[in-house]
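To start, the structure itself, in structure tokens.
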Amino acid sequence: MLRMEIQRVTRRPIFWFLILVGALLAIWPVVQVWPQISSSEDYAFYPGSPYVMWMPYNIGDTYNIFILILPLLASLAYADAYAEDFNSGYIKNIVTKVSKKKYLMIRYAVNYCLGGTVVVFPLVLNFLGQMTSFPLIENNYYFGMILVPNGNFLPDLNYQHPVLYILLRLFLFFLLGGILASIGLAFSTVLKNRYIVLVVPFLAFMGFDLFTYTFLGQYSISGLFLENGPANWGIPTYLIVGTIGTFLWYYIVGDRHETI
Amino acid sequence: MVPSSGIILLVIDMRPSRLFRISVGALFSLRNVWLGGGIYCAFILTCLMALDKQGPGPRGLFDLIADLYGLHGSTNQLMFVSVGIPMIVITMTQLMKFKDRGSFLTKMKSRFQIFHLYVIAAIVYSIVFTVLILLFSWAVGGLIAGFGNTWLRADGSVSWLIHNPQRFQSVLPHLATYKVVAALFVTKFLGFLMIAFLTLFLKCWIKNDGLILIVLVILAGIEMFGPFPISFFITPAVLVLENWINPISILFHCAYLFIVSLALYGITGMIYERRDFLS
């Protein structure tokens, strides 16, 4: 069934459209700082490197647009698959060959990974693009490259093992994308309109982010995950609640649905 | 009557008043959208006003509704991105999904009537949505910051930002409560109308409603954060301090929104005249 899911995803035009949008958002900042455009001062006073110029650090136009559409990138890829199967009756064909529990598990895993991948793709591409423009100079706190001050997310790791740090940040983006995609999938067990299902993660993220930003300040979800802001217990809390909560909701309600 | 698409249409008498009734009836029949959307909008607008209350300088009722910087507040850019665009896209696409069915289409006299059903719905929805947002903002904003018009006061935010008593006196006549409310109503209404017409236009080409939303949000994002210093989408519907100092600019904004809406109406109408409802 996993192979079937992958084939189905790669044949979706919307998936490739999202990849294209992500690629454009990732490449545009690279083109803007291409070495021919940069001056020698960029290297002399504040060495340009992929660690410094990476989208989430060097926040520019495209990163703000990326943040704005991030929930839609995550959900549009595959979050409506369950509603689509249910509405079309295709789910009946599947559950005659595999158990429903297995179907639900694989669907959740594929959707989670796909949501995360579509979100992470522009960031990886941007980092690779920056590597073509700048030498990979290691971060130095005393050279003025204060990207991650004390109190932010693991500053020591950023200066001692920057590659690991980037990978960890990418992993957090991946998990956030997976959770947003899973919110859509979980809602598809109660809402059968697949287009509403696609929009729900966007609305949920907007509402929750605005609420946390207004009333909880340092626990703002965009501040914790999308910006280079302070780190606290909000990160693991949101990840655990988001992942387990959406999985339980989807799995329990989905399993109770009468399929045949 | 056998049109080019091959659909056999039952010609029935469809006076404009009846078309209006059908359109409005269809719009308000989307109860789940109204209910869910209403709760979501109330939550977001309250958060936006509470966020604006934490902003710099004196904060009065109209600051919470139409912050002078143009980003926060319940009728500014963040409102359009988080409330205006999603709600209009959801409502219009759900209405079209419901009414584009064959059983309904066969009762309409022509494609012209089908299109105008949506146009009437877009206009009515824009008016109702604007009124509801302004009323809710007035009620909640009043509870948070008081119901007086602090922009008229010397310790209000307009005076605080202008930093010039003489200039503030010359701006005062433009800040009368009824003028502010009228300007807000007209700009928001035209902004929502343009988004609704743009949704109708995009729906002719894009089947996936989520894709329509992402296109509109990207457009808003390009305008808000992009490298081009051009106001072409939601910014003309947002009023900042310069607009209140120079009210003629509000007229230009309204004229722009009206012309764009009119152009979208014409183009989408032409597309509808050739639309094949069978595919």
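The values are calculated or read from the model by the stated rules, or taken from the named source; none is laboratory data. Values in this document were obtained by computation on a predicted structure and should not be read as measured data. Glycine also receives a Cβ, built like all others from the backbone with ideal geometry; neighbour counts cover every protein chain displayed. We work out accessible area using only protein heavy atoms, side chains counted, and drop any ligands, DNA or RNA first. Shrake-Rupley method; radii C 1.70, N 1.55, O 1.52, S 1.80 Å.
Points to keep in mind about this one:
- Annotation for the B:A interface, with buried accessible surface near 2600 Å², both sides summed [1.4 Å probe; non-protein components not counted].
- Values of log10 I(q)/I(0), in the order q = 0.12, 0.15 Å⁻¹, for the stretch A:118-215 under a Debye, Cα-only, solvent-free model: -0.59, -0.81
- Most mobile listed residue (B:ASN76, B:ASN208, B:ASN149) in chain B, GNM with C-alpha springs under 10 Å: B:ASN208
- Semi-axis lengths, largest first, of the ellipsoid equivalent to the stretch B:197-257 are 27, 14, 8 Å, with √(5λ) applied to each eigenvalue of the Cα gyration tensor.
- Within the accessible area of chain B (1.4 Å probe), percent carbon and sulfur: 70
- Averaging 1/r across all pairs of distinct Cα atoms in the stretch B:73-159 and inverting the result yields a Kirkwood radius of 15.9 Å.
- Convex hull volume of chain A per residue (C-alpha atoms, cubic angstrom): 128
- Spacing of the two label points (7 Å from each Cα toward its C-beta) at A:LEU20 and B:LEU172, in nm: 5.8
- Listed residues A:ILE65, A:ILE235, A:ILE166, most fluctuating in chain A (Gaussian network, C-alpha, under 10 Å): A:ILE65
- With N as its number of residues, chain B has a Cα radius of gyration that, divided by 2.2 N^0.38 Å, comes to 1.11.
- For the stretch A:141-185, alpha-carbon Rg and Dmax in angstrom: 13.9, 47
- Computed from label points 7 Å out along Cα-Cβ, the spacing between A:VAL253 and B:PHE185 is 4.0 nm.
- For the protein assembly as shown: Kirkwood Rh in Å [reciprocal of mean 1/r, alpha carbons]: 25.4
- GNM result for chain B, Cα springs below 10 Å: residue of B:ALA176, B:ALA121, B:ALA145 fluctuating most strongly: B:ALA176
- Calculated P(r) tail over 17 Å for the stretch A:182-260, as whole % of Cα pairs: 54
- At 0.890 mPa s and 25 °C, Stokes D of the stretch B:156-213 from Kirkwood alpha-carbon radius, µm² per second: 169
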